[in-house]
Amino acid sequence: MYNEHSGVSALARFEDCLQRLEQIVDELEKGNVPLEQALKLFEEGVQLSATCRKDLEEAEGKVEILLKQNGKLQPEPYEGIQEKAQASMKK
């Protein structure tokens, strides 16, 4: 899962986002954060959650492609969510 655009593996990005999201949840659960800071943390958490969800959806799509090959692991090109959206806009 290598992202050629950023030069960072998608797995590493996912792990980093998930780790930061866990830190934010811990901070907010403690309840010692001023309201303004809590709102900033919450906003960051929502963005991180969306990033993680997108990465998981793309990974799921790749797994589905592999599994649809009659039990044979023969990957075929995977069109990510962004690529599908761009392709449908061109039509």
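The values are calculated or read from the model by the stated rules, or taken from the named source; none is laboratory data. Because the structure is a prediction, the values reported are computed rather than measured. Neighbour counts are summed over all protein chains in view; Cβ atoms, including those assigned to glycine, are modelled from backbone coordinates with ideal geometry.
Residue-wise test of (1) touching an Asp or Glu at 6+ places or on another chain (Cβ under 8 Å); (2) among the polar types (S, T, N, Q).
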| site | (1), (2) |
| --- | --- |
| Glu15 | no, no |
| Ile24 | yes, no |
| Glu29 | no, no |
| Gln37 | no, yes |
| Phe42 | no, no |
| Gly45 | no, no |
| Ser49 | no, yes |
| Cys52 | no, no |
| Glu58 | no, no |
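Yes or no, residue by residue, for (1) of a type in the set (A, V, I, L, M); (2) touching a Phe, Trp or Tyr at 6+ places or on another chain (Cβ under 7 Å); (3) at pLDDT 90 or above:
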residue	(1), (2), (3)
Asn32	no, no, yes
Gly45	no, no, yes
Cys52	no, yes, yes
Gly61	no, yes, no
